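Reviewing the structure listed below.
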């Protein structure tokens, strides 16, 4: 089965000061494009980007890649988990990687290592210097648990309710911890 990644990208960017946060320039390309590129370069077969209603991300050329699908979370005010649910509902594949759109510094090699480790069917979290980060790799058996959970919940609660332990994969990639919340984070 082919791998899939869910990219929650429906937030308002309030701490950043602009709903256009995901279009901010990171190394010469929009932040969201760089996030998508790291997943594709790492070997993910299909990427589902979950945007909010009325948010234009047309400037992100990575969305034109045939391996990328854009879907809309009709009510992102419920929180990021509702975007994960929207993405999981629109995607097929295993493992399912989840990487927020505001984490453009994850290396493709880290994604490849997670895909390899996830073949064992475990929940895999990358770890850098003792801290867990993103993307997280999920087995497809969790799909129904994710979909039936309360949209205002979170992924950690779903994993706990499903009695799933995380396997931590040590990586040499500080990008797994580096999300962009404010302009200073760039």
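Mind ranking 33-44, 138-149 by how tightly packed they are, going by the mean number of other C-beta atoms within 10 angstrom, highest first?
Answer by packing, highest mean first, reads 33-44, 138-149.
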**OP:** In nm, give the distance between the simple-model label positions of residue 172 and residue 141, each being 7 Å from the Cα along the Cα-to-Cβ direction.
**Re:** 3.4 nm
Original post:
Hey, fewest Cβ within 10 Å first, where do 120, 155 land in order?
Top reply: 120, 155
**OP:** Return the single residue from 71, 49, 167 with maximal mean-square fluctuation; model: Gaussian network over the chain, springs between Cα atoms under 10 Å.
**Re:** 167
Original post:
Which value at 222 nm does the chain reach when only helices count, each DSSP H run of 4 or more adding -39,500 (n - 2.57), with the total divided by all residues and rounded to the nearest 500 deg cm²/dmol?
Top reply: -7000 deg cm²/dmol
Original post:
Counting DSSP beta bridges with both partners in the range 4-185, what percentage is antiparallel, nearest 5?
Top reply: 30 percent
Subject >> Alpha carbon convex hull of the chain, volume per residue in cubic angstrom >> reply: 107 Å³
Original post:
Which shape class applies to the range 89-137: rounded if a/c is under 1.5, otherwise prolate when a/b exceeds b/c and oblate if not, where a ≥ b ≥ c are the square roots of the Cα gyration tensor eigenvalues?
Top reply: oblate
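On a full-extension model of 0.36 nm per residue, what is the gain between residue 148 and residue 20, subtracting their alpha-carbon distance, rounded to one decimal in nm? Don't skip to the answer; put the middle values down first.
Working: separation 128, 0.36 × 128 = 46.08 nm, distance 3.08 nm.
This chain segment gains 43.0 nm when fully extended.
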**OP:** Would you mind classifying the range 27-120 by shape? Square roots of the alpha carbon gyration tensor eigenvalues, ordered a ≥ b ≥ c; an a/c under 1.5 is rounded, otherwise it is prolate if a/b is larger than b/c and oblate if not.
**Re:** oblate
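All of the numbers you see were taken from the coordinates with simple rules; none came from a lab. As the structure is a prediction and not an experimental result, all values here were calculated from the model. Backbone-built Cβ (ideal geometry, glycine too); neighbour counts: all protein chains shown.
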